[in-house]
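Chemist: One structure coming up, written as structure tokens, with questions to follow.
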Amino acid sequence: MSLSASLLAIHAQTDSKERATQYRALLSSLLASAPDLHPGRSTLHPPQHPQPLAESIHEILTHAVAEQTGLVTSRQMLQDFVTLFAEAAANAGERDTVVAAVRKAWEAALAVMQPRAVAFEEQISTVREHLASLYESAEEWDEAAKMLQGIPLDSGHRSVAPSYKLRIYIHIVRLLLESDDAVGAEAYLNRAALLVDASTPAEQIIHFKSCQARILDQKRSFLLAAGKYLELSYTSEIHESVRTQLLGQAVTCAVLAGAGPQRSRMLATLYKDDRLRDTPDLAPANDILQKMYLGRVLRPQHVAHFAPTLAPHQLARLADGSTVLDRAVTQHNLLAASNIYTNISFAQLATLLAISVPTAEKTAARMIADGNLAGEIDQMETVIHFRKTKRSEAWDNSVAGLCHHVDGVVDTLAKK
């Protein structure tokens, strides 16, 4: 008997419960014998309905969503299909031909159900989740995100739990971040933020904070991102290897952040973190962190050792043609020079910073205007005069005091 004839025979049944049972049995039989799901099975006993799986599912579901089938029966058929097919697909394995057949079948199912989306919201949502999972496995991030974005969460035709909404929103954010769409990810993160409360599971809180950090990172709000990464690196629920990566990201973002007091505090916090010295994988990041914290001038070889650890978006070009790393290194070296020199000509400063004279002057002027560098520019003499800050004076006094104590110890030892 053909599939069409089987469906018509079942539809002719007067008992609704018997119809539902027979529809489910037909689905089970179809999935159990489908060659697309069992490519290695013997062909001695050919399937009752030999047409491709996607076509069979399209025919069954077209019958299911038809007006004459009845809404109650239709919903039951679709729910049975979603449950049975998800189980069959999971048991079929991950061979390329099987995955392709499963993907086509889910797509066929969605195409049939979508025109009556209001009536079958729950079943459509489940199908979209399965398709999104397949797209994600194939690293088709945009398609996976679009599939989840199509799930009706605020339609008003069904009650959706806030925890389910939050899970979907965070999943969308993660997919959009994989496709480097920080703007779209932030929009969905803002929706998710309205659903986070004291009852939110710890795992979802971690995913939410991780997304926050990655969005700030991609938006080049490096100082805020460093704080988020550092906070996550202390979370005990996260695996130790992941916490190490988060700590490394915190250091990277702190290094790339613009000069200023807040960045200096972040560098100090990270410098005192013993985990950096105990992790060989973070040696390049720890090396440049130490030099920045101690106010040493960064040489090209130091930067070249650190640059390969950066992500593509952290190497993007700015409007002036330089990279974020170039800007951070230039600003740091300018601050380091202010601790060494009382004044310096722009030509000498440009040589020290390995940049052009106009760029050196412009960088110094911007840092002075922003309050990140204490000094004055004499454009007539093309010289910049650095002023000692209270912090520098306190540091000098501390060093002088330490030297005095060392001299005292040496004198005492000499007398003995």
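Chemist: Rounded to the nearest 500, what is the 222 nm mean residue ellipticity of the chain from helices alone, with -39500 (n - 2.57) per DSSP H run of 4+ residues and division by all residues?
Modeler: On the way: 20 runs with 277 residues, N = 416.
Rounded to the nearest 500, the figure is -21500 deg cm²/dmol.
Chemist: Give the residue list of GluC sites (Glu not before Pro) in segment 94-129 that are DSSP loop and have at most 15 other beta-carbon atoms within 10 angstrom.
Modeler: Glu94
Chemist: Lysine pairs in the chain with alpha-carbon atoms under 28 Å apart, 8 or more places apart or on different chains: how many are there?
Modeler: 26
Chemist: Further question on the same structure: Using alpha-carbon positions, what is the distance between the centroids of segment 55-93 and segment 340-359, in Å?
Modeler: When both Cα centres are located, 73 Å separates them.
Chemist: Take the solvent-accessible surface of the protein heavy atoms, probe 1.4 Å, and return the percent of it on the chain that carbon and sulfur atoms account for.
Modeler: Numbers: 11980 of 22500 Å².
Of all accessible area on the chain, carbon and sulfur atoms account for 53 percent.
Chemist: Roll a 1.4 Å probe over the protein chains and send me the accessible area per residue for the chain in Å². Display every interim value, and only then the final one.
Modeler: Details: 22500 Å² over 416 residues.
That works out to 54 Å² per residue.
Chemist: Does anyone have the angle between helix 121-137 and the longest principal axis of the chain? Alpha-carbon axes, 0 to 90°, nearest 10?
Modeler: 50
Chemist: OK, next. What does the convex hull of the alpha-carbon atoms of segment 87-196 project to on average, in nm²?
Modeler: Details: hull surface 29.3 nm².
Hull-based average projected area comes out at 7.3 nm².
Chemist: Under 11 Å from the Cβ of Gln331, count the other residues' Cβ atoms, weight Lys and Arg +1, Asp and Glu -1, and hand me the total. Present the calculation step by step, with values, prior to reporting the outcome.
Modeler: On the way: positive: Arg263, Arg327, Arg366; negative: Asp326, Asp370.
Net local charge, Gln331 excluded: +1.
Chemist: Can you list the GluC sites (Glu not before Pro) in segment 169-241 that are in a DSSP coil and have 16 or fewer other beta carbons within 10 angstrom? Mind showing how you got there, number by number?
Modeler: Values: sites: Glu178, Glu186, Glu203, Glu231, Glu237, Glu240; in loops: Glu237.
Here the sparse-neighbourhood loop sites are Glu237.
Chemist: Give, rounded to the nearest 20 debye, the magnitude of the charge dipole that the chain has about its Cα centre when Lys and Arg contribute +1 at Cβ and Asp and Glu contribute -1 at Cβ. Write out the running numbers ahead of the final one.
Modeler: Working: 40 positive and 46 negative charges, 212 e Å.
Magnitude of the dipole: close to 1020 debye.
Chemist: Right, next: Tally Lys/Arg at +1 and Asp/Glu at -1 over every other residue whose Cβ is under 12 Å from the Cβ of Asn372; what's the total? Don't jump to the answer; show the numbers that get you there.
Modeler: On the way: positive: Arg263, Arg366; negative: Asp370.
Here the charged neighbours net out to +1.
Chemist: Further, regarding this structure: Which one of Ala268, Leu30, Ala192 is farthest out on the positive end of the charge dipole of the chain, using unit charges on Cβ (Lys, Arg +1; Asp, Glu -1) and the Cα centre as origin?
Modeler: Going by the Cα projections, it comes out as Ala268.
Chemist: Could you order His171, His58, His157 so the one with the most accessible surface comes first? Probe is 1.4 Å.
Modeler: Working: His171 55, His58 85, His157 120 Å².
These residues rank, largest area first, as His157, His58, His171.
Chemist: Counting only other residues whose beta carbon sits under 15 Å from that of Val173, what net charge do I get with K and R as +1, D and E as -1?
Modeler: On the way: positive: Lys146, Lys165, Arg167, Arg174, Arg191, Lys209, Arg214, Lys219, Lys228; negative: Glu136, Asp142, Glu178, Asp180, Asp181, Glu186, Glu203, Asp217.
In short, +1.
Chemist: Using protein chains only and a probe of 1.4 angstrom, how many square angstrom of Arg158 are accessible, to the nearest 10?
Modeler: Accessible area of Arg158: about 70 Å².
Chemist: Where in segment 266-374 are there trypsin sites (Lys or Arg not before Pro) that are in a DSSP coil and have at most 10 other Cβ atoms within 10 angstrom of their Cβ?
Modeler: Values: sites: Lys272, Arg275, Arg277, Lys291, Arg296, Arg317, Arg327, Lys362, Arg366; in loops: Lys272, Arg296.
Those satisfying the criteria are Lys272.
Chemist: Just the Kirkwood number for the chain, please: inverse of mean 1/r across all distinct Cα pairs, in Å, one decimal. Working shown, then result.
Modeler: Details: mean 1/r = 0.0375 Å⁻¹.
That comes to 26.7 Å for the chain.
The values are calculated or read from the model by the stated rules, or taken from the named source; none is laboratory data. Just so we're clear, the structure is a prediction, and the values are computed from it rather than from any experiment. We place every Cβ from the backbone using ideal geometry, glycine too, and count neighbours over all the protein chains shown. To get the accessible areas, we keep the full protein, side chains included, count just its heavy atoms, and leave off ligands, DNA and RNA. Shrake-Rupley method; radii C 1.70, N 1.55, O 1.52, S 1.80 Å.
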